[in-house]
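The block underneath contains the structure these notes are about, expressed in C-alpha cells.
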Amino acid sequence: MRTLGGIELSNHIKGLVCRECGAVYPQKLIFSCEKCFAPLEVQYNFDDIHVTRDEISQRPKSIWRYKELLPLNDYESVVDLGTGLSTLHKAENLGKHLGLSNLYIKDDTVNPTNSFKDRPASVAISKAKEFGAVAVGCPSTGNLAASVAAHAAKAGLPCYIFIPSNTELNKVLQASVYGARIVAVDGTYDQANRLAAQVAQEYGWAFANINLRSYYVEGSKTLAFEVCEQLGWEAPDSIVVPLGSGALFCAIKRGFDQFKRAGLIEDKPTRLYGAQGEGSAPIVDAFKAGWDDILPIEYPDTVAKSLAIGDPGDGYYVLKHLRETGGAAEDVSNHEILDAIKLVAETEGVFTEPAGGVTVAVLKKLAEAGHFKPDEKVVCAVTGSGFKATDTIQNVLVSPPVIKPTLSSFKEQKEASTW
Ligand SMILES: *Cc1c(COP(=O)(O)O)cnc(C)c1O
Ligand SMILES: [Zn+2]
C-alpha cells in the first residue's frame, strides 16, 4: 500500500443524506434510504476542507490526489492501481474537422483495466476494506466486472461477479484473470442484479454498485476534477458524457460543483450534454419530449453495450441537470457510432469502444447543429477501450491484403488500391 501521507482529515465526511427526504445516516453498508428508498449521497464537511491547488498538484498521479473530496476516513485502506489523471488530449485534428478550436478528449481508455469504471471501483473497494468486509463483488454487464475484480485482487479480498450467462467472452475473460468467482446467471442483467442484492444482504458482503453505491459513485466525479486541473484549474464551457444509468453524468456535475465549493475553481457555468445509442435512449427521448421522468425500455438494443440500460436509475436527475445547465441530449445510430470510432482513431490516435463512439458521434451532431461557439472549451469523454469490443469493431474494418515478400508485389498492390 502506498502512503498518501499528509493531513489528518477524519472530519471531512459528515455522513450519508437522502437526496429526496433529507434523512441522515452514519457511514455504513446501506442500499438506499430506509424511509423513502431514494439514493443516499455522501455529505462533506466543506468547512473542514482547506486543500489548495498547489498541494493537489504535488501529490501522486491518481484519483487519490483529491482525497479530501473522496469518502474514505482511513487512507491506509486505499486500494490504488494508479487510476486517474488520464490524458486530456487537445484534439486539434478532430477539432478542425468539427469547427472547434478548443476541443479536448478525456481519454479514460488508459486506466488500469481500460475504462472509467476504475474510478468508482477504486473508491468502492477501498471503502469495503475500511469497513472490514470479508468479500466484495458486483453485478455487471461488462466493464465494472473487470474493474472490481482487479481492485479486489489488489486488496486480497474474495470477489463475486454476477453476470448474465450470455455475456461476451472478452468481458468474462478479463474479469476471470484477476481470480474473481464468476457467477453466470441464466437470466437477464436485471435478474443477475436482483440476485446479487440478495446475496450481499444474506452474507453481509460489500457490493460496489449495491450496498456501497453511495461511496462508489463518488469515484466518478474525479473525471471532472481532472478536467479542471488539466485545463489550468478551470471548468470547460461544455462536456459531452455517455449515459448508461446516468451515474457518471451526475457525478461529473457534482465534481464541478464541489470543486467550486472547495474554492479550487472559479464559479463558471458548464453545459452538460448527454449521449446515448438509438435503441437504448430512454433519457434522450424523455429530454426531447420535455418529460420529467423516464419511460423505461424493456429490451435496449445498441452496439454500445456498456450503455444498454433500459431503466436508468439516475435518469430523473440527469434530465434536471441537462435543463439546469442549458445542455442537451442526443442519440446516434449504430452506423454513426462505428463511423465515430474510426474518426477519433484516425484523427487523434484514440481507440475507443462503442460507448466512446457514441460521445464522439453525438459531439459531431451537436457541433453541426450549432450548440458550441467555435472557440469555446469543449470536452468529450471517451470512457472505455476499443479492445473491450473487438468483436463489434472488426465488422467495419477490412482485412489487410496478403502479398508476396517482394518489392514488385508491394508495387502491384499499391497500384491496384488507393494507397
Ligand atoms: C458504465 C459505462 C458507462 C455509463 O456509465 P453510467 O454511470 O452507467 O451512466 C459509460 N461508458 C463506459 C465505457 C461504461 O463502462
Ligand atoms: Zn429518503
What does the accessible area per residue of the range 209-275 come to in Å², with a 1.4 Å probe and no ligands, DNA or RNA counted?
23
Cα-centred dipole magnitude for the chain, charges only on beta-carbon of K, R (+1) and D, E (-1), debye, nearest 20:
660
Give me the base-10 log of I(q)/I(0) for the range 278-387 at each q in 0.10, 0.12, 0.13, 0.24 Å⁻¹, Debye formula, one uniform scatterer per Cα, rounded to two decimals.
-0.29, -0.43, -0.50, -1.40
Taking only the alpha-carbon positions of the range 136-178 and ignoring solvent, what does the Debye formula give for the base-10 log of I(q)/I(0) at q = 0.17, 0.20, 0.22, 0.33 Å⁻¹?
-0.36, -0.50, -0.60, -1.23
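Have a look at the DSSP beta bridges in the chain and tell me what percent are antiparallel, nearest 5. Walk me through the intermediate numbers first.
Details: 13 of 41 bridges.
Percentage antiparallel, nearest 5: 30.
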Kirkwood hydrodynamic radius of the chain from all distinct Cα pairs, in Å?
22.0
Working with all protein chains in place, sort Val134, Val227, Val199 by solvent-accessible area computed with a 1.4 Å probe, largest first.
Val134, Val199, Val227
Surface per residue (accessible, 1.4 Å probe) for the range 343-419, Å²
56
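Would you mind telling me the share, in percent, of accessible area of the range 43-120 contributed by carbon and sulfur at probe 1.4 angstrom? It would help to have the intermediate numbers written out before the result.
Working: 1260 of 2950 Å².
Looking at the range 43-120 in its full context, I get 43 percent from C and S.
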What residues qualify as long-range amide H neighbours of Ser385, i.e. H under 5 Å apart, gap of 5 or more or another chain, H built at 1.01 Å from N?
Glu353
Could you tell me the distance between the Cα centroids of the range 110-176 and the range 388-415, to the nearest Å?
37
May I ask which residue of His335, Leu40, Ala91 lies farthest towards the positive end of the charge dipole of the chain, with charges of +1 (Lys, Arg) and -1 (Asp, Glu) on Cβ and the Cα centre as origin?
Ala91
On the full set of protein chains, 1.4 Å probe, figure out the accessible area of Asp339 and give it in Å² to the nearest 10.
90
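Arranged from highest to lowest average of other beta-carbon atoms within 10 Å per residue, in what order do the peptides 396-402, 324-330, 168-174 appear? Write down the numbers at each step before the final one.
Details: 396-402: 8.4, 324-330: 19.1, 168-174: 16.1.
My ranking of the peptides, most packed first, is 324-330, 168-174, 396-402.
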Quick one: Karplus J couplings for the range 328-334, per residue in order, coefficients 6.51, -1.76, 1.60, θ = phi - 60°, nearest Hz, x for Gly and Pro?
7, 9, 9, 10, 9, 6, 3
With axes computed from alpha carbons, what is the tilt in degrees of helix 247-261 against the longest principal axis of the chain, rounded to the nearest 10 within 0 to 90?
60
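In square nanometres, what is one fourth of the surface area of the convex hull spanned by the alpha carbons of the range 41-94? Working shown, then result.
Numbers: hull surface 24.0 nm².
Over every viewing direction, the Cα hull of the range 41-94 projects on average to 6.0 nm².
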If you count, for each residue, the other Cβ atoms within 10 Å and average over each peptide, how do 119-128, 177-186 line up from highest to lowest?
119-128, 177-186
Residues with amide H under 5 Å of Tyr44's amide H, sequence separation 5 or more or different chain, H placed in the peptide plane at 1.01 Å from N; which?
Lys14
Enter the angle in degrees (range 0 to 90, nearest 10) between the Cα long axis of helix 118-130 and the first principal axis of the Cα atoms of the chain, meaning the one along which they spread out most.
20
Compute the accessible area per residue over the range 1-127, keeping the other protein chains in place, probe 1.4 Å, unit Å².
43
Once Rh is set to the Kirkwood radius over Cα pairs, what Stokes-Einstein translational diffusion coefficient, in µm²/s, holds for the range 184-328 at a temperature of 10 °C and a viscosity of 1.306 mPa s?
96
In the range 37-73, which trypsin sites (Lys or Arg not before Pro) fall in coil by DSSP and have 14 or fewer other Cβ atoms within 10 Å?
Lys61
If the viscosity is 1.002 mPa s and the temperature 20 °C, what Stokes-Einstein diffusion coefficient in µm²/s follows for the range 161-268 when Rh is the Kirkwood radius over Cα pairs?
131
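Hey, what's the Cα Rg ratio for the range 8-72 versus the globular rule of thumb, 2.2 N^0.38 Å?
1.32
With a cut-off of 8 Å between alpha carbons and a minimum separation of six or more residues, what is the relative contact order of the chain in percent?
Relative contact order for the chain comes out at 15 percent.
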Once each part is reduced to its C-alpha centroid, what is the distance from the range 51-80 to the range 314-346 in angstrom?
30
Please compute P(r) over all alpha-carbon pairs of the range 59-119, binned at 10 Å starting from zero, and give each bin as a whole-number percent.
21, 37, 25, 13, 3
Area of Lys154 that stays accessible when all protein chains are in place (1.4 Å probe, Å², to 10):
130
Just going by the charge dipole of the chain, with Lys and Arg at +1 and Asp and Glu at -1 on Cβ, which of Phe287, Phe372, Gln27 is farthest out on the positive end?
Gln27
Loop-resident sites, the range 1-106, for GluC sites (Glu not before Pro), counting at most 14 other Cβ within 10 Å (DSSP)
Glu8, Glu20, Glu34
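The values are calculated or read from the model by the stated rules, or taken from the named source; none is laboratory data. All figures in this text were calculated on a predicted structure; none of them were measured in a lab. Positions of Cβ are generated from backbone atoms using ideal geometry, with glycine treated the same way; all protein chains shown enter the neighbour counts. Note: areas computed on protein heavy atoms with side chains; ligands, DNA, RNA excluded. Shrake-Rupley method; radii C 1.70, N 1.55, O 1.52, S 1.80 Å.
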